[in-house]
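The values are calculated or read from the model by the stated rules, or taken from the named source; none is laboratory data. Keep in mind that what you see is a predicted model, and the values were worked out from it rather than measured. Cβ placement follows ideal geometry from the backbone for every residue including glycine, while neighbour counts extend to all protein chains displayed. In case anyone asks, the SASA skips ligands and DNA or RNA and just uses the protein heavy atoms, side chains included. Shrake-Rupley method; radii C 1.70, N 1.55, O 1.52, S 1.80 Å.
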Amino acid sequence: EIIGNSAFKDCYSLTGNLVLGTSVKTIMSYAFDGCKFSKHYSKAQTPPEIDSTQFGGTKEYLGVPTGCKAAYEESIWYWRFKTIEEVEF
């Protein structure tokens, strides 16, 4: 599954938590630019591909599946989130 370029760009009313499903493989440029999520979660065992435009600036929190923290820390996701934590989904 791919979330396309600018899919939710400038959707300022998208707030709360973002939960990406297990089937998300790629998030294209600026897909969530302008959204104001409190926390981010990815249920994908393998970190989805993102580029440097995704999740601009440093976000506070990313929850990932148990056993997957190292994979996310070894990817570009590490540079986008202050805290990456394993959670049970």
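Rolling a 1.4 angstrom probe over the protein heavy atoms, how many square angstrom per residue are accessible across the chain? Show your work: numbers first, answer last.
Numbers: 5090 Å² over 89 residues.
Per residue, the chain has an accessible area of 57 Å².
Over the chain, all Cα pairs binned in 5 Å intervals from 0 give whole-percent P(r) values of 3, 16, 26, 31, 18, 6, 1, listed from short to long.
Report relative contact order for the chain in percent, whole number only (criteria: Cα-Cα under 8 Å, sequence separation at least 6).
Details: 202 pairs, mean separation 22.4, N = 89.
Across the chain, relative contact order equals 25 percent.
Summing Lys and Arg as +1 and Asp and Glu as -1 over all other residues whose Cβ lies under 12 Å from the Cβ of S23 gives a net charge of +1.
Of the GluC sites (Glu not before Pro) in segment 14-89, the ones in a loop by DSSP (not H, G, I, E or B) with at most 12 other beta carbons within 10 Å are E74, E88.
Within the chain, what whole-number % of the accessible surface is contributed by carbon and sulfur, with the 1.4 Å probe and all protein chains included in the calculation? All intermediate terms of the calculation are to be shown ahead of the outcome.
Working: 2490 of 5090 Å².
Taking all protein chains in place, the chain shows 49 percent carbon and sulfur surface.
The I76 and S13 beta-carbon pair, evaluated with R₀ = 41 Å, returns a calculated FRET efficiency of approximately 0.90.
Among the lysines of the chain, pairs at least eight places apart or on separate chains and with Cα atoms under 17 Å apart come to 13. What number comes out for the charge environment of G57, summing +1 per Lys or Arg and -1 per Asp or Glu over other residues with Cβ under 13 Å away? Net of charged neighbours comes to +2.
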